[in-house]
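Comments concern the structure below.
The values are calculated or read from the model by the stated rules, or taken from the named source; none is laboratory data. These numbers come from a predicted model, not from an experiment. Backbone-built Cβ (ideal geometry, glycine too); neighbour counts: all protein chains shown. Protein only, heavy atoms only, side chains kept; ligands, DNA and RNA dropped before computing areas. Shrake-Rupley method; radii C 1.70, N 1.55, O 1.52, S 1.80 Å.
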Amino acid sequence: MCGFIGWFQNGGGLDDGRRQRLSQALNLITHRGPDDGSEAGGPGWYMGFRRLAIQDLSPAGRQPMRFAGDRCTLTFNGEIYNFRELRETLAGATFHSTGDTEVLGRMLERASEPEQVLRRLRGMFAFAWWNEESGTLLAARDPFGIKPLYYRLFPDGSLMVGSEIKALRKMMGPDTAISRAGLAEYFRWGAVQAPHTIYDGVKCLPPGHLLRWSAGDLQVERYFVPEWPGKSERVGGKAALDLTREVVSQSVKAHLVSDVPVGVFLSGGLDSTSWSR
């Protein structure tokens, strides 16, 4: 499952007390990544990661992962199913691991615009990419919102991101107010809809969106708009069944990319029975 947190300060250095609290916040999501935990940081920033090893089980797959001569740092939760194909397009790149995290990082360090990278990814993901040289953060969530990403912009312009709200609350104190908008959505729909959460000031990055932060300025924008692929004419009967089976088969095959054993759970619902004969 994996999980990460990040703190990006608007001015000033990161004192020992705040860094200790961030380490404690990271420990709150240990259940997401019981295999390993590591941290990285510098003047005014911190990133921590809990790892559930799926791709490249060696220490080379540890995160936070550094790039561009240690000027950029990446924390990544999820899987990029087409990472092997994408790796082949990175001519001249030097790789130190065999997993998908480094492929994503190599793509980001080469791209002039992150949308160019995001639109090429097939997978489920949430990640944070910190450029220490420019003092900018890029964070993004997959098109369907399979992996979570929460954030809080503090009154002084500092930003915290994380995979779970409980980690953010560690830095917010015990008097965090309940969001009236979030509470209304919960009673109306049975769940709080992004970008709201149940807590005031804590936001959920919507699916298919990216976040940019620099010097206290926060921008959120959409990068993914679904389009109907292939032929525009209607397909029915056996042709529709064959096309559905082809698409489902391709999807299942992509999800089997792993360096550990893969288990399959069939619920008996529409998705499971569409695969059975």
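Some observations on this one:
- Calculated FRET efficiency for the pair residue 71/residue 189, C-beta based, R₀ 35 Å, to 0.05: 0.25
- Only protein heavy atoms count here; under a 1.4 Å probe, residue 165 has an accessible surface of about 30 Å².
- Here the accessible area of the chain is 53 percent carbon and sulfur, with a 1.4 angstrom probe and all protein chains present.
- Under the convention that each Lys and Arg Cβ holds +1 and each Asp and Glu Cβ holds -1, the size of the dipole of the chain around its Cα centre is about 580 debye.
- For the pair residue 220 and residue 240, a Förster radius of 30 Å applied to the C-beta separation gives a FRET efficiency near 0.20, rounded to the nearest 0.05.
- Computed with a 1.4 Å probe over protein heavy atoms only, the accessible surface of the chain comes to 54 Å² per residue.
- For the range 1-66 versus the range 71-105, the gap between their alpha-carbon centres in whole angstrom: 19 Å
- Distant alpha-carbon pairs in the chain (separation over 22 angstrom), percent: 61 percent
- Potential lengthening between residue 35 and residue 198 on full extension [0.36 nm per residue; Cα-Cα distance subtracted]: 55.7 nm
- Surface accessible to a 1.4 Å probe, residue 247 within the full protein complex, Å²: 80 Å²
- Under the simplified labelling scheme, the residue 18-residue 93 pair shows an inter-label distance of 3.3 nm, with each label point 7 Å from Cα along Cα→Cβ.
- Between the residues 43, 137, 251, the greatest Cα displacement towards the positive end of the dipole of the chain, with unit charges on the Cβ of Lys, Arg, Asp and Glu, is found for 251.
- In this structure, residue 270 and residue 166 have a Cβ-Cβ separation that, at R0 = 25 Å, corresponds to a calculated FRET efficiency of about 0.15.
- The chain: angle of helix 16-27 to the longest principal axis, Cα-based, in degrees nearest 10: 30 degrees
- Taking every Cα-Cα distance in the range 143-268 and sorting them into 10 Å bins from zero, the calculated P(r) comes out as 10, 27, 27, 22, 12, 3, 0 percent.
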